[in-house]
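Report on the structure given below.
The values are calculated or read from the model by the stated rules, or taken from the named source; none is laboratory data. Keep in mind that this is a model prediction, so the values were computed, not measured. Please note: Cβ atoms are built from the backbone with ideal geometry, for glycine as well, and neighbour counts cover all protein chains shown. Accessible surface areas use protein heavy atoms only, side chains included; no ligands, DNA or RNA. Shrake-Rupley method; radii C 1.70, N 1.55, O 1.52, S 1.80 Å.
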Amino acid sequence: MTTPSQVLTTGDPGHSVAEHNPVAGFAHDHRGGISNPILGMLLFICSEVMFFSGLFAAYFNVRATTLHWPPGVADGVPKDLAEHFNLHAEPLYALGLTVILVVSSFTCQFAVWAIRRGDRTGFIRNMSFTVVLGIVFLIGQVYDYSTIGFGLSDGTFGTTFYTLTGFHGAHVFGGVIMLSVILYRGLAGQFSSQHHDAVEAASLYWHFVDVVWIALFSTLYIL
């Protein structure tokens with residue numbers, strides 16, 4: 001039975017309309033199911049999984065059909081270039097970038113848990129840390145590119161390395177922009193314990209970016 005607080009009656013006692021609430025259309029649906037923003041992000045991530053799967057498949061195909069990987073002096077590669085190709089010899093810098101991105105994934109999840117509790121201060125603090133760590137990762141990747149010793153056109157190894165890490169870097173850049181928008185909206189007071197689907201959706205994307213980098217680091221620097 002509808003209560004007086006839930007409806008606004010008009011001049012006709014037999015006619016009533018639902019109370020207007022500008023936030024109601026964006027709030028979580030407690031009847032169950034999944035919200036449209038989260039569903040849309042999950043579908044988008046599925047397409048991104050297929051995209052990166054194709055890139056990894058191309059990398060492993062090139063690696064499997066090359067006699068020596070990474071290519072060395074025996075394959076006609078100059079000695080100094082062959083030394084730079086051996087990423088296994090210097091994995092610490094990339095490991096540091098990995099730690100930064102993994103920590104950012106934790107702070108992002110802390111932000112989600114905070115807004116679920118209605119803790120806006122904790123949400124803003126942790127989301128700010130996430131955005132800063134994402135920017136630090138991008139700066140670190142640009143610096144790595146400037147000092148790594150080989151370029152995109154330096155054979156199949158250079159091409160595959162920059163294709164994989166470059167596309168991932170573009171996704172991190174997009175994620176930083178997305179989280180910055182979420183942070184701005186949070187500062188404007190647009191999220192609460194009842195309204196935070198956009199935060200959940202953005203966090204899913206950031207976790208995906210983190211997982212892809214772990215796979216890249218393992219493939220390029222360990223395997």
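For the stretch 112-159, trypsin sites (Lys or Arg not before Pro) meeting the loop criterion (DSSP other than H, G, I, E, B) and having at most 14 other Cβ atoms within 10 Å: 117.
Ligands, DNA and RNA left out, the accessible area of the stretch 55-134 computed with a 1.4 Å probe is 65% carbon and sulfur. The packing ranking of peptides 182-193, 206-217, highest mean first, is 206-217, 182-193, where packing means the average number of other beta carbon atoms within 10 angstrom of each residue. The local environment of residue 44, defined by Cβ-Cβ distances under 15 Å, has a net charge of -3 under the rule Lys, Arg +1 and Asp, Glu -1.
Listed peptides 174-180, 53-59 appear in the order 174-180, 53-59 once ranked by packing, highest mean of other Cβ atoms within 10 Å at the front. At a probe radius of 1.4 angstrom, the accessible area of the stretch 27-146 per residue rounds to 59 square angstrom. Spin-label pair residue 62-residue 109: with each label point 7 Å from Cα along the Cα-Cβ axis, the two points sit 3.3 nm from one another.
Backbone N atoms of the stretch 145-168 closer than 20 Å to the 7 Å Cα→Cβ label point of residue 51 belong to residues 159-168. Peptides 154-161, 45-52, 137-144, ordered by how many other C-beta atoms sit within 10 Å of their residues on average, highest first, read 154-161, 137-144, 45-52.
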